[in-house]
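Peer 1: Quick one: this structure, given as structure tokens, is what I'll be asking you about.
The values are calculated or read from the model by the stated rules, or taken from the named source; none is laboratory data. Please read all numbers here as calculations on a predicted model, not as lab measurements. All Cβ positions, even for glycine, are placed from backbone atoms using ideal geometry, and neighbour counts span all protein chains on display.
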Amino acid sequence: MSNHNATVSWQRGDAAFVDNRYSRAHRWQFDGGADIVAAASPDVVPAAYTDASAVDPEEAFVAAIASCHMLWFLSLAAKDGWCVDTYADDAVGHMTPVRPGRLAFSEVVLRPRIAFAGERQPDAATVAALHHDAHDRCFIANSVRCAVRVETV
């Protein structure tokens, strides 16, 4: 068993708050020292009350799944003797209505692009097997209700 901590903090400032016109910008702080500006998605909250340059929870959810998958893929590839030079993923999460006025992630699609070093290159079946095993081991993907799909590039 392991525990993972984050400190999420927000301050009202001089906003009235009860009129629902307050900043949704806040901070995420992690034990390693990372301090990240976060805010509600501009797709959810009017631009005047958020920070479009900040990470929103929905983006973080998609990034967490993609990152977990990548880390497992790299570990499994190294264990099998495949030397990975680069790994980039243009992941996207799709939200759809689950009932009137409520959205949920229905699917997260991972689109990793991987470059391997050396003359020994894995074939498509080997890469697919690595992705399958990485997905099976990913803590985050195993914790969510929506589908997580890998589209190899």
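Peer 1: Does segment 29-47 include one or more residues that are surrounded by 13 or more Cβ atoms within 10 Å (Cβ to Cβ), at pLDDT 95 or above, in contact with a strand residue (DSSP E or B) (Cβ under 7 Å, 6 or more places away or on another chain) and of a type in the set (Phe, Trp, Tyr)?
Peer 2: no
Peer 1: Also, quick follow-up: Any residue at all in segment 71-78 that is exposed (fewer than 13 other Cβ atoms within 10 Å of the Cβ), assigned by TED's automatic domain parsing to the domain that holds Leu130, at pLDDT 95 or above and assigned to a helix (DSSP H, G or I)?
Peer 2: Going residue by residue through segment 71-78, those that are exposed (fewer than 13 other Cβ atoms within 10 Å of the Cβ) are 78.
Then drop every residue that is not assigned by TED's automatic domain parsing to the domain that holds Leu130, which leaves 78.
Still in the list and also at pLDDT 95 or above: 78.
After this cut, where a residue has to be assigned to a helix (DSSP H, G or I) as well, the list is 78.
Taking every residue of segment 71-78 in turn, at least one turns out to be exposed (fewer than 13 other Cβ atoms within 10 Å of the Cβ), assigned by TED's automatic domain parsing to the domain that holds Leu130, at pLDDT 95 or above and assigned to a helix (DSSP H, G or I).
Peer 1: Being basic (Lys, Arg) and closer than 30 Å to Asp133 by Cβ narrows it down to one of Arg21, Arg12, Arg113, Arg102, so name that one.
Peer 2: Residue meeting the stated conditions: Arg113.
Peer 1: Same structure again: Would you check which residues across segment 9-21 are closer than 23 Å to Leu103 by Cα and surrounded by 11 or more Cβ atoms within 10 Å (Cβ to Cβ) and list them?
Peer 2: Answer for segment 9-21, where residues must be closer than 23 Å to Leu103 by Cα and surrounded by 11 or more Cβ atoms within 10 Å (Cβ to Cβ): just Arg21.
Peer 1: How about segment 85-137: which of its residues are among the acidic types (Asp, Glu) and in contact with a helix residue (DSSP H, G or I) (Cβ under 6 Å, 6 or more places away or on another chain)?
Peer 2: Asp89, Asp133
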